[in-house]
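Taking it in order: structure first as structure tokens, then the write-up.
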Amino acid sequence: MPFQERSIVSDREEFCRLATQPGAKVRALCRRWGISWTTAYKWIERYRRGESLEDHSRRPLSSPLMSSAALEGEVLAVRAEHPCWGGRKIRKVLENEGMAQPPSASTITQILRRHGRLDGPGAGEARDWVRFEHEQPNDLFQMDFKGWFDLPGRRCHPLTVIDDHSRYALDIGACGDERRQTVQGRLEALFRRYGRPWRILCDNGSPWGTAGGGEHSKLSVWLMDLDIGVIHGRSYHPQTQGKDERFHRTLKAEVLDGRTFRDLRHAQDAFDAWREVYNTKRPHEGIGLQRPADRYRMSQRPMPDVIAPVEYEHGTTTRMVTINGQIGFERRKFQCSKAFVGKRVALLPTDQDGLFDVCYRRHVIRRIDLRHDVVKTVHDVSEHTSTLSPV
């Protein structure tokens, strides 16, 4: 994925940030991004010297003689640039941009209230949150479509992918549909740039599965072929994907509300610009007011050029999935999934007599109970949360 003209400055910043992380392999990263190593080292050197790769505001943020009116002006300037940010985020931004002693979050909230910049019930009030978080970047990605919105003559379907640990927004795609080919193309480009996660959490709807039944799809089989575990959230429980759902609310408030777009290209440009702000400037309350870029590290699992063939240990009982999505076992037929037609699956006994796991590669996709002729879909969802996490 070489530098694109529409976002060349933000791409340079993201590349340099990833390339200067401890243990980063610059030439491998160059191959992922499709740039020469000579060009890469030129920008890395500028980045390390602290030279700006884009036009930043140079307004002064600290002065021993700064008056109260000037201080309020700085607060209101940040609020004007980011109308959805509250006291804690604005304070962290002022601190990040060099203000020696920024006012407290409560003081900033009072400034905003005094100038009529807070609206809505409970604005500026503290809230209690219950959430889970994976320990390392790339342990789990959350992925979903946000609800579509109209464009002239067509619709835009925003596809979002975020890292669970860091909240880093890996992709916000302005897609013209929700087909498997569209999602797979975006994911392939993402994996080539950032590497592969260990697991992806998605819902049960198309193109990830069959709504309501937790059935796998051709897209989830492709992910398993890449050694990426697929987790389907519980039906009618969007809070399972709480971080992505909350991300959608922020995307709507800060990008979509009150705006119209000419076409998909116009929408994509807006998404790319905001993704840079979200990842590198916007303090995230769910991670202690750090920025997602402070916590994200690229995956050490590159996208393979060729998918390895399916192999199982010698002596393992295997079956080929038939055209109707079934397998034969112990003189009986069991429904597997039509997504695996033509694929070979393994049947592994569990610690309970008569109970077998149906596995594709290393992933458990079904459980067969010979005692009752029952086939159960496996939902590998250990992440349960009672509410949406802050973003």
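Read-outs: derived from the displayed coordinates by stated rules, not from any lab. Computed from a prediction, not measured in an experiment: that's the story for all the values here. Please note: Cβ atoms are built from the backbone with ideal geometry, for glycine as well, and neighbour counts cover all protein chains shown.
The modelled label-to-label distance between Val310 and Asp369, using points 7 Å beyond Cα along the C-beta direction, is 2.6 nm. Considering only Phe334, Val364, Asn324, the residue lying farthest towards the positive end of the dipole of the range 317-377 is Asn324, judged by Cα position with unit charges set on Cβ. Across the cross-link table entries Lys218/Lys243; Lys146/Lys338; Lys92/Lys281, which are compared at the Cα atoms, the separations over 20 Å belong to Lys218/Lys243; Lys146/Lys338.
In a fully extended conformation the segment linking Thr38 and Arg301 would gain 92.3 nm over its present Cα-Cα distance, using 0.36 nm per residue. Spin-label pair Gln290-Gln21: with each label point 7 Å from Cα along the Cα-Cβ axis, the two points sit 1.2 nm from one another.
Close amide-amide hydrogen proximity is noted between Gln290 and His284, each under 5 Å apart and 5 or more residues distant or on a separate chain (H modeled in the peptide plane; Pro and chain starts excluded). The residue among Tyr278, Ala174, Leu219 whose Cα reaches farthest toward the positive pole of the charge dipole of the range 140-295, with charges on the beta-carbon of Lys, Arg, Asp and Glu, is Tyr278.
Taking the Cα centre of each part, how many Å lie between the range 268-299 and the range 303-322? For the range 268-299 versus the range 303-322, the Cα centre distance is 38 Å. Less than 5 angstrom separates the built amide H of Asp203 from those of Gly233, all sequence-distant by 5 or more or on a different chain.
Residues whose amide H lies under 5 Å from that of Ser217, counting only those 5 or more places away or on a different chain, are absent; hydrogens are built 1.01 Å from N in the peptide plane. What the Cα convex hull of the range 5-48 gives, in volume per residue, is 65 Å³.
A Förster radius of 35 Å, combined with the Cβ-Cβ distance separating Phe329 from Ala28, puts the computed FRET efficiency at roughly 0.20. Estimated from the Cβ-Cβ distance and a Förster radius of 22 angstrom, the FRET efficiency linking Ala253 and Arg154 is about 0.40.
Using the alpha-carbon positions of the range 140-295, Rg (one decimal) and Dmax (whole number) come out as 15.1, 43 Å. Each pair of Cα atoms in the range 317-377 enters the Kirkwood radius, and Stokes-Einstein at 10 °C and 1.306 mPa s then converts it into a translational diffusion coefficient of 140 µm²/s. In the range 5-48, if the dipole is taken from +1 on Lys/Arg beta carbons and -1 on Asp/Glu beta carbons about the Cα centre, which of Ser36, Cys16, Tyr47 is farthest to the positive end? Checked the options; the winner is Ser36. Shown here are the Rg and Dmax of the Cα trace of the range 242-353, at 23.6, 62 Å.
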